[in-house]
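Shown next, in structure tokens, is the structure this report addresses.
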Amino acid sequence: MDSQFRPALVLFIALSALTGLAYPLGVTGLAQAVFPHQAEGSLIRRDGQIIGSEWIGQSFTAPRDFWGRPSATVDAQGKPLPYNGANSGGSNLAPSSPDLRRAVQDRVAALRTADPEATGPVPVDLVTASGSGLDPHISPASALFQAHRVALARGLDETTVRDLVTTHVEGPQWGILGEPRVNVLKLNLALDDPFGAKSHKSR
Amino acid sequence: MTHAWSQNLLYLALLLSLAYPLGTHMAKVLEGGRTLLHPILRPLERGLYRLMGIHEDDEMGWKAYAWSITLIKLLGLAAVFLLMKTQAALPLNPERQANVASGLSFNTAVSFITNTNWQAYSGETTLSYLTQMLGLTVQNFISAATGIAVLAALVRGITRRSAAGLGNAWVDLVRSTLYILLPLSFALALFLVSQGVIQNLSAYLHTAGGQVLAMGPAASQVAIKMLGTNGGGFFGANAAHPFENSSPLSNFAQMLSILLIPAALCVTFGHMVKDRRQGWALLAAMTVMFVGALAVCTQAEVKGNPALDGLGVTQVASLDQPGGNMEGKELRFGPGGSALWATATTAASNGSVNAMHDSFTPLGGLVPLWLMQLGEVVFGGVGSGLYGMLMFALVAVFIGGLMVGRTPEYLGKKVEAFEMKMASIAILLPCAAVLIGTAISVLVPAAVASVSNPGPHGFSQILYAWSSASNNNGSAFAGLNANTPFYNDGLAVAMLLGRFGVIWPVLALAGSLVKKKHTPEGLGTLPTHTPLFVGVLVGVVLLVGALTFIPALALGPVAEHLTLRSIR
């Protein structure tokens, strides 16, 4: 065993340098050169300010905005802080937990209060917390479910809002990977400033 | 959901077709042959041997081999522990993460050197970038390389005749890292970045609206975490975090990476024993069990949670919504992409998650739980899955031999009392750790206090933790508060038993086989490449798993399933 100590130590140091420094720093350098936008978090900027990331959902609660999925993330003290991008996590409630059933019940009630005319069945993704607590997407059904409320609050025609939702639907990749989805932040930004994307590019 | 089954089919087709070329490449690497990468990497390899003061043709007996592996692991244990204890004073820590408590540091160090990657901490609130890179990423490579090395030693034990050496542990580690793990990881990491996985050294970002976005060198760690069946997430939510697993395509690539090397090693095995049918038979046995588990899990998650009936919620999938059991799942993956991940990650000893297993339906959660308890042999960990499966193959030929009253043999080597003892230890030690650990936990008030869900599910949380640690998986029913002295220490012991309690008997067995003469095939030899043998092998794996764990599973997920409709 003695005779193996030198090779063990040398190999450990060499592999640490190779896989723990050269490799991650090499990937960082190359990624920053080839895909700088993605490597830095696919950030969305408006007027020079960082609005957020297209991959990280945000907490929307006003009637005039589309709402994302419930988020179970907490702050450093363990108090609820939805969409805390610095502390990801899910509720970890069991399917059999009475707390889960109660939470879903409350969320359905909140949606009905916000729009008494939305009486149809609520899509399950709109009333269940995501795994990361940062889910940027909702299903197209969940967006359309909220279209009436959003249109009313903004004084817009409901058809206009529904059309906007439809143009924001992303299909499954390669036709079968993943689910059809709508990016909530992008959809709300488009509502706020229908020409925003264009004027932003031309600037 | 409409796509769930076609996604599953595409997955299996791609996995099995990629296994062949990679398996052939790995056989070449382990046998010291020349590959396309040699012009670039061979000088580096030679330089390493010179620095280490070894010759690449030096042979090691099984004990020297086992000590070498153990020694480099101990160095890793010390390095990760020290990094965590001192990270506040070290560079690459823009968020000024504090030094980590000793109990948690020890648990994490053990977890990463044993390829478990159980995480009682949340990455973005606990670790500096330096700790993630120089501590955890390094162990991701070394523990995966160890799996391949031990497998290579076992195969040499089978193929060499009347010999003593099992190869050279250092050479196997170096070659596995340089010619297999590093190039694959580099390519995968870049692909993941193209899909939106982040890779930077920036401080956390503050948006105009006050949201804080965690940053870091995620892609490089994620790539080897998937390929090396490690599973330790860069972020707390692991691969559910959009910065760790952004698009459905990144999800698919990561899922393929989980089983890619374990499946390909079956092909490698066939090459090395000079009978490809032997490798295909093992691959077939694994695939059969995987498909069954995947079907049950997918069906359970797609169907949804009956406890939410009557609330005005629809869980029915349609063209514009995934439906199903969506608590703890990401919309972009849906129940289908989450069930496939859960099955793959627990069939292998990966343990990463893209959805919270704690919130899976009882039967959907039973699948990952049982797959771990089977000993991580359905594809299994890199190397460890196949050497685990070979232990079961020895038991299968042994049982076959008993039936006809003849000394059993496997690939020309007689399987005798010593081999059976070693195989039994390697199979039963993790099982014992699961059951004993769970039994102690339900008797200790401090351990029960960590449970976060009421009823049978609370028991499942404890059972899951011990199953995961003892089989070096690392996934969790994460509601369980595992960052307590009881679980940090207890699960660390289980992880060590689950890794070294298998590696040592496997290498001892290899050391015994390598000395034996070749026994020519006779009339009474049970051929081990036929569908009949695949059936016997699957039967043995399932039987051991069923006899050992059905009582415990009945108390947890099965009981929960039966009560689900009465939750009000």
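Counting Cβ atoms of other protein chains within 10 Å of each residue's Cβ and taking the mean over peptide A:55-67 gives 2.
The calculated FRET efficiency for the pair A:Ala118 and B:Arg565, based on their C-beta separation and a Förster distance of 22 Å, comes to about 0.20. Under 5 Å from the amide H of B:Thr314 lie the amide H atoms of A:Val122, A:Val124, each residue being 5 or more positions distant or on a separate chain, with H modelled from the backbone and absent for Pro and chain starts.
Using a ≥ b ≥ c from the Cα gyration tensor of segment A:103-203 (square roots of the eigenvalues), is it rounded, prolate or oblate, where a/c under 1.5 gives rounded and otherwise the larger of a/b and b/c decides, a/b for prolate? The partial results should precede the final answer.
Working: a/c = 1.89, a/b = 1.20, b/c = 1.57.
Oblate is the answer for segment A:103-203, as a/c is 1.5 or above yet b/c matches or exceeds a/b.
Put a dot 7 Å past the Cα of B:Val288, heading toward its Cβ, do the same for A:Thr167, and the two dots end up 5.6 nm apart.
Taking a quarter of the surface of the Cα convex hull of chain A, what do you get in nm²? Walk me through the numbers before you get to the answer.
Working: hull surface 73.5 nm².
Hull-based average projected area comes out at 18.4 nm².
Could you give the alpha-carbon Rg of the protein assembly as shown over 2.2 N^0.38 Å, rounded to two decimals? Show your work: numbers first, answer last.
Working: Rg = 25.8 Å, N = 771, 2.2 N^0.38 = 27.5 Å.
Ratio of Rg to 2.2 N^0.38 Å for the protein assembly as shown: 0.94.
Order these by the 10 Å Cβ neighbour count, fewest first: A:Ser132, B:Ser450, B:Ser352. Present the calculation step by step, with values, prior to reporting the outcome.
On the way: A:Ser132 35, B:Ser450 20, B:Ser352 30.
By the 10 Å Cβ count, ascending, the order reads B:Ser450, B:Ser352, A:Ser132.
One Cα centroid belongs to segment B:430-495, the other to segment B:123-169; the line between them spans 26 Å. Equivalent ellipsoid of segment B:245-301: semi-axes from √(5λ) of the C-alpha gyration tensor, largest first, are 27, 17, 5 Å. The charge dipole of the protein assembly as shown, taken about its Cα centre with unit charges on the Cβ atoms of Lys, Arg (+1), Asp and Glu (-1) only, comes to about 1520 debye.
With both labels modelled 7 Å from their Cα along Cα-to-Cβ, the B:Leu82 to B:Ile440 distance reads 3.0 nm.
With the simple spin-label model, which puts each label point 7 Å out from Cα in the Cβ direction, the A:Asp157 to A:Asp192 separation comes to 2.5 nm.
Which of the trypsin sites (Lys or Arg not before Pro) across segment B:208-317 are loop residues per DSSP, with 14 or fewer other Cβ within 10 Å? Sparse-neighbourhood loop trypsin sites (Lys or Arg not before Pro): B:Lys274.
Highest-first packing order for the peptide set B:519-530, A:99-110 is A:99-110, B:519-530, based on the mean count of other beta carbon atoms within 10 Å. Entry note, segment B:328-372: relative contact order of 44 percent, from Cα contacts under 8 Å with a spacing of 6+ residues. Taking 0.36 nm per residue of separation and subtracting the current Cα-Cα distance, fully stretching the chain between B:Asp489 and B:Leu51 would add 154.0 nm.
Residue order for B:Leu562, B:Leu14, fewest other beta carbons within 10 angstrom first, comes to B:Leu562, B:Leu14.
The mean sequence separation of alpha-carbon pairs under 8 Å and at least six residues apart, normalised by the residue count of segment B:161-251, gives a relative contact order of 27 percent. I need the Debye-formula profile for segment A:1-40: one equal scatterer per C-alpha, no solvent, reported as log10 I(q)/I(0) at q = 0.29 1/Å, two decimals. Ignoring solvent entirely, the Cα scatterers give -0.85. At R0 = 60 Å, how high is the FRET efficiency between B:Leu532 and A:Trp174 if r is their beta carbon distance? Nearest 0.05 is fine. The computed FRET efficiency comes out at 0.95.
How much length is gained on full extension from A:Asp75 to A:Arg45, taking 0.36 nm per residue of separation minus their Cα-Cα distance? Kindly include the intermediate steps, with their values, before the conclusion.
Details: separation 30, 0.36 × 30 = 10.80 nm, distance 2.52 nm.
Full-extension gain reported as 8.3 nm.
Neighbour counts of other Cβ atoms within 10 Å put B:Cys266, B:Cys297 in the fewest-to-most order B:Cys266, B:Cys297. Convex hull volume of the C-alpha atoms in chain B, normalised per residue: 151 Å³.
Taking each residue in B:194-206, count the Cβ atoms of any other chain within 10 Å of its Cβ, then average. What number comes out?
On the way: counts 5, 5, 9, 7, 8, 12, 7, 4, 3, 0, 2, 9, 3.
Average neighbour count from other chains, rounded to a whole number: 6.
Here the gap between B:Leu44 and B:Leu74, fully extended at 0.36 nm per residue and compared with their Cα-Cα distance, gives a gain of 8.3 nm. As a ratio to 2.2 N^0.38 Å, the alpha-carbon radius of gyration computed for segment B:121-205 takes the value 1.49.
Counts of other chain beta carbons within 10 angstrom of each beta carbon in peptide B:184-191 average 3.
Treating r as the C-beta distance of B:Thr519 and B:Arg34 and R0 as 41 Å, the FRET efficiency rounds to 0.75. Summary value for chain B: 20 percent relative contact order, contacts being C-alpha pairs under 8 angstrom separated by 6+ residues.
In terms of the mean number of neighbouring beta-carbon atoms within 10 Å, the peptides A:25-31, A:68-74 order highest first as A:68-74, A:25-31.
Using the rule -39500 (n - 2.57) for each DSSP H run of four or more residues, divided by the residues of chain B, the 222 nm mean residue ellipticity is -20000 deg cm²/dmol.
Each value in this text was obtained by applying a stated rule to the coordinates, not by laboratory testing. For clarity, every value in this text was computed on a predicted model and none was experimentally measured. Neighbour counts run over all protein chains shown; Cβ positions are idealised from the backbone, glycine included.
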